[in-house]
Every structure is written in structure tokens, then in C-alpha cells.
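The values are calculated or read from the model by the stated rules, or taken from the named source; none is laboratory data. Bear in mind the structure is a predicted one, so any value in this text is a computation, not a measurement. Because the Cβ atoms are built from the backbone with ideal geometry, glycine has one as well, and the counts that use them run over all protein chains shown. Accessible surface areas use protein heavy atoms only, side chains included; no ligands, DNA or RNA. Shrake-Rupley method; radii C 1.70, N 1.55, O 1.52, S 1.80 Å.
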Amino acid sequence: MDALSDLKAKYLTAISGAADEGGLEELRLAALGKKGEVSLKMRELGGMSPDERQVAGPALNALKDEIDAALRAKKAALGDLALDARLAAEWLDVTLPGRARRVGTIHPVSQVMEELTAIFADMGFSVAEGPQVESDWFNFDALNIPPEHPARQEHDTFFMARAEGDTRPPHVLRTHTSPVQIRAMTEKGAPIRVIAPGRVYRMDMDQTHSPMFHQVEGLAIDKNLSMANLKWVLEEFCRAFFEVDHVDLRFRASHFPFTEPSAEVDIRCSWAGGQLKIGEGDSWMEILGSGMVHPKVLAAAGVDASQWQGFAFGMGIDRIAMLKYGIPDLRAFFESDLRWLRHYGFAALDMPGLPGGLSR
Ligand code: DAH
């Protein structure tokens, strides 16, 4: 029996000192495994007399149960310890204030595009789109600007490269949004009322020019449209966009190949005290080109010029954004300077309404 109590003391001590589950498993095998010390003792029972066995059997079983129980208890305790350690290491103070996140802002050009889209939508214009890499036919020919036309040079066009040996005329980065007129009419026919805001490109760079800038094209084709409708639409737009009750527009005769007659449009403004005010004063600022769509342009888009007529206009978006929001330098629009964007940008929820409402 002494041997059993030695075994018991040996294993219970070792179990209580085990450092991890691996150590516990080793002890289990050493005591209760097939060749474990307790198991070997069990085998010795076979060679005993019945009387001896009567005493030794229950004692061995009791020892086995005791070691087994100690192993289980220790295993549970080690598990608790591991959990405690993890809880101590991974704790999190949910009462700490969150890290401040800088909220982004909407670029003034995006904001102005949203605003003008909302205003023109209210007058029944939907948005049309075209590619920025455009064929020279859409950008020039279809708009009545043939190859030898001076306007074609004046546009300071960026040409795309063609593979060597490919003699087709190169595509261009569209120099204006006017080609979208052709695409929209070809797709939808007449009557039609669309605007086309987007990027355009010209080889030009100084304080008031950037090689990429934004225009919005307008096009309305119907049976009886005239310059009078053009004037009303532009006045309503300017009133709503610049948030003033009254605007004066001045139509100056001009020339564009794709309109006849053509007019450049100036808006009355004042610069009193260095502060620009729209709708009052004695100064005029040019804001767009416009006119009655040339019959050849209608024909190029498959619209019957003997039945349909209408007006078109093209306006610089960056320019009117600068005017409305008092932004002095065009180049800053495209420099991605975060300080500038934070200063001139708009909150995401600052969605345009229809300021002043349209007078109808
Ligand atoms: N496409 C012209 C430009 O970029 C602007 C323009 C003028 C557009 C007259 C028009 C228009 O639709 O009728 O300079």
C-alpha cells in the first residue's frame, strides 16, 4: 500500500504543478496510459491471491479515479487561467472617446454640377453623356467644323496616338462638350432637351486656363423653339444658380460654326469694393456661347431640319463656380490641395435646392 500512496503523492504533486495542457497529458499517459504506472499495477492484480486482490483492487481503482479527477480539475483550472490571461491582455476601454475622423468635402466643381443639373432638370432637361476621348468627326465635322476651318486650329487640340501604319485620323480629347449634342440627337432623335456636363481638354495653361476644364452643354430641339426660349432658359438658370431675384443678360452677336445665328452671353455684375455681385452694376462678364442649332448639325445627327429647330449653349462650369463662390484662381481647382478643398469644399449633405425657385 505504501507503493500506492507514493504513487498518489507523486502524481497529485506533479499534476498540481503542471504548467500547461501538454504537461498534463504527459502525466496522464505516465499514470493511466496503457503502459502507465497505475495501469501496470492493475495488471499485477491477476497474479494475486483472491484475498490480496480484494484489498488491492478497490485501492487501485480509487487511486485511478483520484488521479483522473485531479487531471480534470487541473485542466479546467488551466483553461480558466488562459482565459483570465487573455482577458487581461485584450481588454478594451469602451468608454474612451472615438478617434476623430476627418469628413471629406465635395469639390466645388462637383457641387456646381449637382446644382446646375437640379436647376435644368426642373426645366425638363435630362443629362446626356459622351466619351472624353472622341472621334474627330463628333468633335469637329458633325458640328460643321470641317478640316480646313480655323476653329479647328483655335481649339488647341490634344490628339491621341494611332498605331504605326494606321492612317485613320486620330481621336482627340474632346475640346468641348458640343459633340454630346450629336450623340444625344443620334440616340434619341427630336424633340429633345438635354444638358451635358463634363470634362474637356485644350492645350492651354495660365492663371485662367487649365488644360482640363469643365463645360456644360445645353440642347433643346422642338418644332417652334426660338432665341426667345433660349433667353428665358438662360435667365431662369442664372437667377436660380446665382440666387438673385433678377439678372440681366446681354446677347452679343458672335460666330460659332454649329449655330446660326450665334450669340455670346454676358451677365451684368458689379465689382464694388472688390466684391463681385451678380445682377447689378455696370460691368458685364461673359459666361457662355449659344445660338440656334445649325441645320447641318441637325442633319449630321439625323434630325430633319425642315421639321425641327432649337437652341444650344455651352458654358464654362469652373468659371461660374468661381463667380458664385468667390474662388480667385482656377488652377487651385485641380491641385488637390486638402487645405483648399477643406476651405472651398461642401458638406456631403449640402445638396442644392432650387434657390429662389423658378418663376412659372
Ligand atoms: N463649344 C463652344 C466652345 O467650347 C461653346 C458653345 C458655343 C457651345 C455655342 C454651344 C453653342 O452649344 O451653341 O467654345
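Some values worked out for this structure:
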| quantity | calculated |
| --- | --- |
| Condition check for THR105: under 30 Å from LEU349 (Cα atoms) and surrounded by fewer than 11 Cβ atoms within 10 Å (Cβ to Cβ) | no |
| Cross-chain or 6+ apart pairs with Cβ under 8 Å, the stretch 94-108 first and touching a residue at least 60 places away in the same chain (Cβ under 8 Å) and closer than 30 Å to SER336 by Cα, then open to solvent by 100 Å² or more (accessible area, probe 1.4 Å) and not aliphatic (A, V, I, L, M) | THR105/ARG342 |
| Test result for GLN153, without any contact (Cβ under 8 Å) to a residue 40 or more places away in the chain, in a helix (DSSP H, G or I) and within 14 Å of the ligand (Cβ to nearest atom) | yes |
| So ALA62, is it on the phi < 0 side of the Ramachandran plot, exposed (fewer than 15 other Cβ atoms within 10 Å of the Cβ) and small (Gly, Ala, Ser) | yes |
| Selection within the stretch 257-285 - at pLDDT below 95 and either open to solvent by 70 Å² or more (accessible area, probe 1.4 Å) or within 13 Å of the ligand (Cβ to nearest atom) (or both) | TRP271, ALA272, GLY273, GLN275, LYS277, GLU280, ASP282, TRP284 |
| Counted residues, the stretch 295-312 - those being closer than 15 Å to ASN224 by Cβ, within 16 Å of the ligand (Cβ to nearest atom) and open to solvent by 70 Å² or more (accessible area, probe 1.4 Å) | 1 |
| Subset of the stretch 218-244 [touching a Pro at 6+ places or on another chain (Cβ under 9 Å), in a helix (DSSP H, G or I) and aliphatic (A, V, I, L, M)] | MET227, ALA240 |
| Output for the stretch 173-205, where each listed residue is part of a loop (DSSP other than H, G, I, E, B) and either among the β-branched types (Val, Ile, Thr) or open to solvent by 70 Å² or more (accessible area, probe 1.4 Å) (or both) | THR175, THR177, PRO191, MET203, MET205 |
| Condition met for GLU114 (assigned to a helix (DSSP H, G or I), in contact (Cβ under 8 Å) with a residue 40 or more places away in the chain and in the same structural domain as LEU338 (by TED's automatic domain parsing)) | yes |
| Matching residues, the stretch 159-171, being open to solvent by less than 60 Å² (accessible area, probe 1.4 Å) and touching a residue at least 24 places away in the same chain (Cβ under 8 Å) | PRO170 |
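Yes/no matrix, rows are residues, columns are (1) more than 30 Å from THR175 (Cβ to Cβ); (2) touching a Pro at 6+ places or on another chain (Cβ under 7 Å); (3) modelled with pLDDT of 95 or more:
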| position | (1), (2), (3) |
| --- | --- |
| PRO97 | yes, no, no |
| ILE119 | no, no, yes |
| ALA128 | no, no, yes |
| PRO147 | no, no, no |
